[in-house]
Amino acid sequence: MTEVLWFVAIATMLLGLLGVFLPLLPGVPLLFAGMLLAAWLDNFVRVGVPTLAILAVLGIAAWLFETLASVWGVKRAGASGLAIAGAGVGAILGIFAGLPGLILGPIVGAVCGEYLARRDHGTATRAGIAAGIGFLVAMVAKLATAVTMLAVFIFAWFA
C-alpha cells in the first residue's frame with residue numbers, strides 16, 4: 001500500500017507541474033498536496049511542519065498573484081465585465097484546442113466580450129492584449145512559484 005501512496009504523491013506533484021500550464025488544472029495546490037502526502041508518508045522526518053508552512057504560504061501567494069495579475073491586466077486596460085467573462089469562457093473553450101487554444105482562448109474571449117459590451121474595435125483589442133499579458137504574467141509567476149516550491153521541498157528532503 002505504501003508504494004501506491006508514493007506513486008500517488010509523485011503523480012500528484014507531476015500533475016501540479018502540468019497545472020502550471022493548463023488553466024483549469026489547479027497546479028500549485030496539486031503540487032502542494034503531493035508534497036504534503038510525501039511528507040506524511042515519511043512521517044514528517046525529512047520535510048517537517050515548518051517547511052510545509054513555507055510551502056503553503058508560497059502556494060497561497062501564487063494563487064493570489066495569479067488572480068490579481070489576471071484581473072489587474074484586464075482592468076488596467078479599462079475592460080468591461082463582459083471582457084473578463086469572455087476571457088474566462090475563452091480559457092475554458094481553449095482547452096479543447098490544445099496549446100494554441102490555451103493561449104489564444106482568453107485573448108479572443110476578452111476581445112469578443114469587450115466588443116459586445118462597447119462595440120469599439122480599439123477598446124476590444126486593448127482588452128485582448130491585456131488578457132494575453134495577464135495570462136503570461138500569471139503563468140510565469142506560477143512557474144516561478146512551482147520551481148521555488150520544488151527547490152524548498154527537495155532541499156528539505158535531502159538536507
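The values are calculated or read from the model by the stated rules, or taken from the named source; none is laboratory data. Note that the coordinates shown come from a computational prediction; the quantities given were computed from them, not determined experimentally. Methodologically, a virtual Cβ is constructed for each residue, glycine included, from the backbone with ideal geometry; neighbour enumeration extends over all protein chains shown. SASA here: full protein model, heavy atoms, side chains in, ligands and nucleic acids out. Shrake-Rupley method; radii C 1.70, N 1.55, O 1.52, S 1.80 Å.
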Report task. List the number of the failed condition for ALA79; all other conditions in (1) without any contact (Cβ under 8 Å) to a residue 60 or more places away in the chain; (2) not in a loop (DSSP other than H, G, I, E, B) hold. Result -> (2)
Query raised in the report: Has region 71-79 got any residue that is under 30 Å from ALA33 (Cα atoms), among the small types (Gly, Ala, Ser) and crowded, with 17+ Cβ neighbours inside 10 Å?
Result: yes
Query raised in the report: Checking PRO106 against (1) within 15 Å of the chain's Cα centre (by Cα); (2) of a type outside the set (Gly, Ala, Ser); (3) open to solvent by 40 Å² or more (accessible area, probe 1.4 Å); (4) closer than 24 Å to LEU15 by Cα, which test does it fail?
Result: (3)
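Report whether or not GLY86 is assigned to a helix (DSSP H, G or I) and surrounded by 14 or more Cβ atoms within 10 Å (Cβ to Cβ). Give the steps one after another, and end with the answer.
Working: assigned to a helix (DSSP H, G or I): yes; surrounded by 14 or more Cβ atoms within 10 Å (Cβ to Cβ): yes.
Here the answer is yes, as GLY86 does meet what is asked.
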Query raised in the report: Got at least one residue in region 147-156 being within 18 Å of the chain's Cα centre (by Cα), farther than 18 Å from LEU17 by Cβ and assigned to a helix (DSSP H, G or I)?
Result: no
Query raised in the report: Can you name every residue in region 31-41 that is surrounded by fewer than 22 Cβ atoms within 10 Å (Cβ to Cβ) and within 17 Å of the chain's Cα centre (by Cα)?
Result: ALA33, GLY34
**Report entry** Filter result for LEU104 (modelled with pLDDT of 85 or more, of a type outside the set (Asp, Glu) and farther than 28 Å from VAL152 by Cβ)
**Finding:** no
Report summary line: When region 18-60 is checked residue by residue, the ones that are under 21 Å from MET139 (Cα atoms), in a loop (DSSP other than H, G, I, E, B) and touching a residue at least 60 places away in the same chain (Cβ under 8 Å) are VAL20, PHE21, LEU22, PRO23, LEU24
Requested in this report: Being among the aliphatic types (A, V, I, L, M) and buried (at least 17 other Cβ atoms within 10 Å of the Cβ) is the filter; apply it to region 1-30 and report the residue that is modelled with the lowest pLDDT.
Outcome: VAL20
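For region 42-59, give me each residue that is closer than 14 Å to MET149 by Cβ and either open to solvent by 100 Å² or more (accessible area, probe 1.4 Å) or of a type outside the set (A, V, I, L, M) (or both). Break it down into steps so the answer makes sense when it comes.
Here is the first cut: in region 42-59, the ones closer than 14 Å to MET149 by Cβ are 47, 51-59.
Residues satisfying the conditions are THR51, GLY59.
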